[in-house]
Amino acid sequence: MRHPRAGAIAELLLILFLPALFIPAQLQAQSKPSSRYDARQLFDPLFMADRGTRYRSADGSPGPEYWQNRADYKIDARLDDQAHAIEGHVVITYTNQSPDSLRFLWLQLDQNISRADSRGSATAPPRSVTQGYEIRSVKAAINGQPVESDTIISDTRMQVRLAKPLPPKGGVATLDIEYHYVVPRGGEGRTGWDMTEGGKPIYDIAQWFPRMAVYDDIRGWNVLPYLGSGEFYLDYGDIDYTIDVPWNFLVIGPGTLVNASEVLTPEERTRLERARQSDKTLPIIAPSEVGKAATRPARSGRTRWHYRMENTRDVAWSASPAFVWDAARINLPEGKTALAMSVYPVEAVGDTLWSRSTEYTKYTIETFSRSWYPFPWPTAISVGGPVGGMEYPAL
């Protein structure tokens, strides 16, 4: 038996929806409100048209009073291969070309991402948890005169509060910082260490010193925390760096090796000079020579590798006693040259593995230099280590 109320509801629904069944599709389409969405407004190629200033033109190119701040670094670091730690001392010379007085400075402390309480750990838990940077001391000076300062560390950033503001348009701040951190194992993010099949360590070292955050005419201080992905926005300058390692380690870094006579044998220096004149890959340390004492000028203690890289935003480096090392000439426009180099462990030897790495590096730099812009640095280095697929200036 049908419930009378159910029948009434059915009749009401029929009355409400039946007319819609007989409205022509054309009329239904006409009754819909038209969309005001315009994809060209959302992805407007002229989105900066109303943002021109005396510092930056509306098309994004430098304006008549454009400026960039500069950060130069002198770094002395020691690699402890037993504790897998870096002990560092950096002197930063920071030139304020902006029109603003700066009451505080911001630095990036990227190693703090490996802390268990970091923002990066909350989004992608690290495989190797460390305590991040231990900042042991910070001393500041302005235009050569010492000035009192306080520091505040927040996640992967450090603010240095100055008792006296850094003057605009050429004021120079000097920061003298001593620090320490443990290198995470396994290629965490863009840095780390691990063991070769032969039981020797390879260290790929990046974000290894406190670096100045950028102060620009768009956002002021750029202080987004480091979350483990994305690229780095850094000021340009010269970086002079010395790495202290056990005697049997090679240290491969970008720029010019200042003390080659102290850290390379006469035979290795001769092979490098031959490679600078060769379009064919030549060995500097052949696979059969890896690990032999004859490849090192010292047979005990420690050695200091001194590099200098000009006009760069960053440096990274690698160190290991297990490296095969080869090199070849890069031919650049206007008759200039650079040096392509590769380092990798013995287990990576082979034409389908790393033995053709220098050949590929040479070809790539030559092609890009012809097509877009000449390569600006003296070396281009490829490293077979625990960190995969990440690039730094010239490495």
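Take the residues in the range 212-234 that are charged (D, E, K, R) and in contact with a Ser or Thr (Cβ under 9 Å, 6 or more places away or on another chain), then tell me which one is modelled with the lowest pLDDT. Don't jump to the end; show me each part of the working.
Taking the range 212-234 first, the residues charged (D, E, K, R) are 216-217, 219, 231.
Cutting the leftovers down to in contact with a Ser or Thr (Cβ under 9 Å, 6 or more places away or on another chain) gives us 216-217.
Details: Asp216: 96, Asp217: 92.
Across the range 212-234, the extreme among qualifying residues is Asp217.
For the range 311-346, how many residues are polar (S, T, N, Q), under 18 Å from Ile202 (Cβ atoms) and under 20 Å from the mean Cα position of the chain (by Cα)?
Here is the first cut: in the range 311-346, the ones polar (S, T, N, Q) are 311-312, 318, 320, 331, 337, 342.
Now drop any that are not under 18 Å from Ile202 (Cβ atoms), which leaves 318, 320, 342.
Those left that are additionally under 20 Å from the mean Cα position of the chain (by Cα): 318, 342.
Looking only at that region, the number is 2.
For the range 293-318, give me each residue that is at pLDDT 95 or above and part of a loop (DSSP other than H, G, I, E, B).
Arg296, Pro297, Ser300, Gly301, Arg313, Asp314, Val315, Ala316
Looking only at the range 122-144, count every residue that is β-branched (Val, Ile, Thr) and modelled with pLDDT of 95 or more and tell me the total. Show your work before the answer.
Within the range 122-144, the subset β-branched (Val, Ile, Thr) is 123, 129-130, 135, 138, 142.
Those left that are additionally modelled with pLDDT of 95 or more: 135, 138, 142.
Of the residues in the range 122-144, 3 are β-branched (Val, Ile, Thr) and modelled with pLDDT of 95 or more.
If I ask for residues that are assigned to a loop (DSSP other than H, G, I, E, B), open to solvent by 40 Å² or more (accessible area, probe 1.4 Å) and of a type in the set (Val, Ile, Thr), which ones from the range 128-172 would you list?
Val129
With at pLDDT 95 or above, part of a strand (DSSP E or B), out of contact with any Gly (no Cβ under 6 Å at 6 or more places or on another chain) and not charged (D, E, K, R) as the only criterion, which of Ser355, Ser382, Ser369 stands out? Give the steps one after another, and end with the answer.
Values: Ser355 fails: part of a strand (DSSP E or B); Ser369 fails: part of a strand (DSSP E or B).
None of the others qualify; the one that does is Ser382.
What is the number of the single condition among (1) surrounded by 15 or more Cβ atoms within 10 Å (Cβ to Cβ); (2) under 24 Å from Met195 (Cβ atoms); (3) touching an Asp or Glu at 6+ places or on another chain (Cβ under 7 Å); (4) of a type outside the set (Phe, Trp, Tyr) that Ala348 does not meet?
Result: Ala348 passes all but (3).
Touching a residue at least 40 places away in the same chain (Cβ under 8 Å), open to solvent by 40 Å² or more (accessible area, probe 1.4 Å) and either in a loop (DSSP other than H, G, I, E, B) or basic (Lys, Arg) (or both): is that true of Gly228 in this structure?
No; evaluated as a whole, the condition is false for this residue.
What are the residue pairs meeting all of these: first residue in the range 172-200, first residue within 15 Å of Val383 (Cβ to Cβ), second residue open to solvent by 40 Å² or more (accessible area, probe 1.4 Å) and charged (D, E, K, R), Cβ atoms under 8 Å, and 6 or more apart or on different chains?
Gly187/Asp194; Gly192/Arg185; Trp193/Arg185; Asp194/Arg185; Thr196/Glu347
The values are calculated or read from the model by the stated rules, or taken from the named source; none is laboratory data. On a predicted model such as this, the values are computed, not experimentally measured, just so you know. Using ideal geometry, Cβ is built from the backbone for each residue, glycine included, and neighbour counts are taken over all protein chains shown. Accessible surface areas use protein heavy atoms only, side chains included; no ligands, DNA or RNA. Shrake-Rupley method; radii C 1.70, N 1.55, O 1.52, S 1.80 Å.
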